Amino acid sequence: MKKDNIIRTINLGLRIYLGWVFLYACYYKVLDPGEFALSIASYQLLPLALVNIFALILAWVELFAGLGLILGFRPRENSLIIIGMLVIFIIGISSALYRNLSMGCGCFASTIAGEEMTSGTLIRDFVWLFIGIYLFFTEDGSWGIEGIFQRKKVAD
């Protein structure tokens, strides 16, 4: 296997993994945005007037960025969106841990029903951040929808 194909294989696996994480994370948020808004409010970082709109927008951004990453549609752009979200999540989690707030992160279930947030939650998000950064710099989209469009243009 050529070096390029090894990198593309690694990237494909990481794209599917990270994309799936964000699809899984958005599931309850899309189905119950009110509960997700309560999770966001529990961080005590946003003005209450922004909590609902942030909850609605973030869930759908997670959905489309995750799908785009899995499908290989604009993978660098979707990696960048995921990097941005992870930076926001890391700031929120760090703030909550620093202030000793006893709560779940609201990542995959509601803050009330979710598991308690720990430093492990922060480490997990940093790992995902590094995967996103790696994909941003190495992913060329050749093994995905982007690659199909590129090959079609060359054939025409």
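The values are calculated or read from the model by the stated rules, or taken from the named source; none is laboratory data. The model shown is predicted, which means the values in this text are computed figures rather than measured ones. Quick reminder, even Gly has a Cβ in these numbers, built from the backbone with ideal geometry, and neighbours come from all protein chains shown.
The table below lists the values:
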item: Search result, residues across segment 63-120 that are part of a loop (DSSP other than H, G, I, E, B) and of a type in the set (Asp, Glu); result: Glu115
item: The listed residue being surrounded by fewer than 21 Cβ atoms within 10 Å (Cβ to Cβ), of a type in the set (Val, Ile, Thr), on the phi < 0 side of the Ramachandran plot and over 13 Å from the mean Cα position of the chain (by Cα), out of Ile16, Ile53, Ile90; result: Ile53
item: Selection status of Leu38, part of a helix (DSSP H, G or I) and under 15 Å from the mean Cα position of the chain (by Cα); result: no
item: Residue ID - modelled with the lowest pLDDT, chosen from residues in segment 93-112 that are under 21 Å from Val30 (Cα atoms) and surrounded by fewer than 20 Cβ atoms within 10 Å (Cβ to Cβ); result: Ile112
item: Meets criteria (under 19 Å from Glu146 (Cβ atoms) and not acidic (Asp, Glu)) for Ile83; result: yes
item: Pick from segment 80-130, criterion among the hydroxyl-bearing types (Ser, Thr, Tyr) and in contact with a Cys (Cβ under 8 Å, 6 or more places away or on another chain), ranking: nearest to Leu46 (Cα to Cα); result: Thr111
item: Residue in segment 113-149 that is surrounded by the most Cβ atoms within 10 Å (Cβ to Cβ), counting only those that are aromatic (Phe, Trp, Tyr) and modelled with pLDDT of 90 or more; result: Trp128
